[in-house]
Structures are given as structure tokens and as C-alpha cells.
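Each remark here refers to the structure printed beneath this line.
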Amino acid sequence: MALMITDECINCDVCEPECPNQAISMGEDHYVIDPQRCTECVGHFDEPQCVQVCPVSCIPVNPAHVESRETLWQKYRRLQAAKATVGGG
Ligand code: SF4
Ligand code: SF4
């Protein structure tokens, strides 16, 4: 499942650098998560890193993007392949 950031976000900037998929960015009013890039940290960490660091616990599962673990793995592999194509890490 992709996660999402609610409007309880206080824009503390802590989660953005922790995301291994560059899925977090500043939105119009608060930080947002790109569901196309969030793998719930599958492939990188055992626990969602953004949830671990968020001081106000405003990062629930996105009900519009319910995905199985296998789907998350596929997303992880797709992101890694895209990264390889552009010559990055
Ligand atoms: S769960 Fe992981 S991949 Fe998803 S936004 Fe948070 S840090 Fe990024
Ligand atoms: S860690 Fe939580 S409060 Fe801070 S920017 Fe991220 S979502 Fe917002």
C-alpha cells in the first residue's frame, strides 16, 4: 500500500530526506507522497521510514492505493530499473 500524508502535517521536513524512493515532496499546503513511488519502504527497509520519523503521526495508509506486498515489490523493481536507466545509483 502506498502511504499518504494528512493535513495534520506540520511541514517539519524530517521525512522527505528519509524516503529511499524520493516519493515525498512539498505539496501545496503540506508534504505529499507520490503513490507511484511509495513502496511502503518494501525493498529498502522493514518499516516505513517516514512513519518512523514523523513527530505527529500523520502518515496513514492511502485507502485509494491498497496494494499487496507482491505489488509493492513490483513497484520497487520498476523504480530500481528506472533509476538504472538514467544512470543513477
Ligand atoms: S513509506 Fe517509505 S517509500 Fe513510502 S513515502 Fe514513506 S519513506 Fe517513502
Ligand atoms: S515528518 Fe510528518 S509532520 Fe514532518 S513533514 Fe513529514 S509528514 Fe509532515
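What follows is calculated from the coordinates using simple rules that are stated; it is not laboratory data. This one's a predicted model, so the numbers in the text were calculated from it and none came from an experiment. Note that we place each Cβ from the backbone using ideal geometry, even for glycine, and neighbour counts take in every protein chain shown.
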List the chymotrypsin sites (Phe, Trp or Tyr not before Pro) within the chain that DSSP assigns to loop and that have no more than 13 neighbouring Cβ atoms inside 10 Å. Phe45
Under Karplus coefficients 6.51, -1.76 and 1.60, residue-wise ³J(HN,Hα) of region 22-30 in Hz, glycine/proline x: 6, 8, 9, 8, 6, x, 5, 10, 7
What list of ³J(HN,Hα) values in whole Hz, one per residue of region 36-52 in order, does the Karplus curve 6.51 cos²θ - 1.76 cosθ + 1.60 (θ = phi - 60°) give from phi, with Gly and Pro shown as x? 6, 10, 7, 9, 6, 6, 4, x, 10, 9, 6, 10, x, 5, 5, 5, 4
The chain: angle of helix 69-85 to the longest principal axis, Cα-based, in degrees nearest 10: 70
Within the chain, helix-based [θ] at 222 nm, where runs of 4 or more DSSP H residues each add -39,500 (n - 2.57), nearest 500: -7500 deg cm²/dmol
Just to confirm my understanding: which cysteines in the chain have no other cysteine beta carbon less than 4.7 Å from their beta carbon? Cys9, Cys12, Cys19, Cys38, Cys41, Cys54, Cys58
Using r as the Cβ-Cβ distance of Gln22 and Ser57, and R0 as 22 Å, what FRET efficiency do you calculate, to the nearest 0.05? 0.50
The chain: relative contact order as a whole-number percent, Cα under 8 Å and 6+ apart: 37
Spatial extent of the chain: Rg and Dmax, with the Cα atoms as the point set, Å: 12.7, 37
Pick from Glu67, Glu40, Glu16: which residue has the top mean-square fluctuation in a GNM of the chain where Cα pairs under 10 Å get a spring? Glu67
In nm, spacing of pseudo-spin labels at Ser68 and Ile10 (7 Å Cα→C-beta vector): 4.0
